[in-house]
2 protein chains.
Amino acid sequence: RPVREVLFFPSPPSCTEALLAEAAGPGAPVQPCPCPLPRNDCSLSRLLRRLLSARRSLEICLFAFSCPQLGRAVRLLHRRGVRVRVVTDAQYMGLRGSQIGLLRHAGIQVRHDQGCGYMHHKFAIVDRRMLITGSLNWTTQAIQTNRENVLVVEDAEYVKPYLDEFERIWEEYNPT
Amino acid sequence: RPVREVLFFPSPPSCTEALLAEAAGPGAPVQPCPCPLPRNDCSLSRLLRRLLSARRSLEICLFAFSCPQLGRAVRLLHRRGVRVRVVTDAQYMGLRGSQIGLLRHAGIQVRHDQGCGYMHHKFAIVDRRMLITGSLNWTTQAIQTNRENVLVVEDAEYVKPYLDEFERIWEEYNPT
Ligand SMILES: [Zn+2]
Ligand SMILES: [Zn+2]
């Protein structure tokens with residue numbers, strides 16, 4: 001049965017350490033995190049789990065990306081051999097706390113818009129099969145304080161047009 | 001067959017006069033608009049058509065709402081007897097060009113957040129049956145210059161959680 005999920009935010013602060021540590025080294029013993037945050041399942045942990053399910057490819061098209069946990073998840077997928085490509089908005093890329101520099105430093109391909117208007121999308125595609133899209137920018141402020149929504153859809157009729165849009169933007173933002 | 005549509009923006013400037021005039025008075029002769037804009041079908045006209053299909057109810061949950069054509073469509077639905085309810089973000093409501101004042105003036109119920117964090121949703125629900133959601137704020141700037149996406153879904157599994165979210169916010173923002 002294809003995945004169909006709706007996530008709403010704000011998501012209360014929670015510890016995602018175990019989730020990320022396990023994804024980094026499956027099977028390895030996970031040190032318990034000393035932080036006092038609850039380990040509850042929440043919209044952020046669900047979003048992380050969907051992303052961490054990637055095995056082959058991950059396309060990300062995001063206006064703003066500064067959430068450290070989501071940045072860590074993306075770098076982890078890259079290290080695991082997933083082909084990660086990121087498109088973002090030039091205006092927000094340089095802001096304090098942006099994850100884009102860390103992604104590039106890790107060797108992940110990132111392209112950004114050059115023109116006027118915002119690259120205002122907020123979607124990701126996992127393994128060319130699962131679409132994650134909504135109002136949410138991947139920032140801690142949005143995750144913890146805003147009213148936001150994210151749809152998770154595993155239906156080719158929706159995934160295909162977003163993949164095509166990603167490829168169009170990827171080519172358009174080709175710097176060479 | 002349920003509606004499933006994906007709209008991408010920017011949408012080129014186009015004349016939506018005929019579309020709106022016809023919706024205002026079905027059957028009445030429509031004066032041709034003298035403006036030089038093309039009458040092509042585009043993402044904005046498709047979005048307008050989905051909204052104008054409302055017969056009973058329209059819930060709108062929007063961070064920013066300043067596009068005059070979309071504002072006109074919503075007032076027109078209200079006049080036609082559709083039950084319209086609008087939730088918006090307080091920070092953006094007072095901005096120049098906001099449609100919120102015009103909606104209220106027309107007698108449409110509008111509520112806004114009172115707290116910290118943004119009401120960052122961008123969705124609408126037509127006749128409790130069709131969900132319209134994505135990255136797009138209803139502003140001319142976003143429609144004509146940004147890269148944006150809007151999903152149109154007529155699937156109860158997706159519509160229901162958004163309706164519930166709307167009702168939660170509607171109650172939370174009750175000023176009384
Ligand atoms: Zn912790
Ligand atoms: Zn015209």
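Within the span defined as region A:22-41, every residue fails to be of a type in the set (A, V, I, L, M), crowded, with 18+ Cβ neighbours inside 10 Å, away from chain B (no Cβ under 14 Å) and free of Cβ contacts under 8 Å to residues at least 40 places away in the same chain.
Taken together, the residues in region A:73-82 that are outside any helix (DSSP H, G or I) and not aliphatic (A, V, I, L, M) amount to 2.
Residues being among the aliphatic types (A, V, I, L, M) and not in a strand (DSSP E or B): count how many of those fall in region B:58-72.
Here the count works out to 2.
Looking across region A:20-52, the residues that are within 15 Å of ligand 1 (Cβ to nearest atom), within 21 Å of A:Ala142 (Cα to Cα) and in a helix (DSSP H, G or I) come down to A:Leu20, A:Leu44, A:Ser45, A:Leu48.
Selection of region A:134-157 for residues being crowded, with 20+ Cβ neighbours inside 10 Å and over 14 Å from A:Phe9 (Cβ atoms) yields only A:Val153. Counting only residues that are surrounded by 14 or more Cβ atoms within 10 Å (Cβ to Cβ) and either within 27 Å of B:Lys160 (Cβ to Cβ) or at pLDDT 90 or above (or both), region B:91-125 holds 20 of them.
Where strands (runs of 3 or more DSSP E) fall wholly inside region A:85-176, no range has 2 or more residues that are in contact with a helix residue (DSSP H, G or I) (Cβ under 9 Å, 6 or more places away or on another chain), more than 26 Å from B:Val153 (Cα to Cα) and of a type in the set (A, V, I, L, M).
Tally the residues that are of a type in the set (A, V, I, L, M), more than 14 Å from chain B (Cβ to nearest Cβ) and either more than 15 Å from ligand 1 (Cβ to nearest atom) or crowded, with 18+ Cβ neighbours inside 10 Å (or both), restricting the search to region A:1-19. Final tally of qualifying residues: 1.
The values are calculated or read from the model by the stated rules, or taken from the named source; none is laboratory data. Model, not experiment: these values are computed from the prediction. Positions of Cβ are generated from backbone atoms using ideal geometry, with glycine treated the same way; all protein chains shown enter the neighbour counts.
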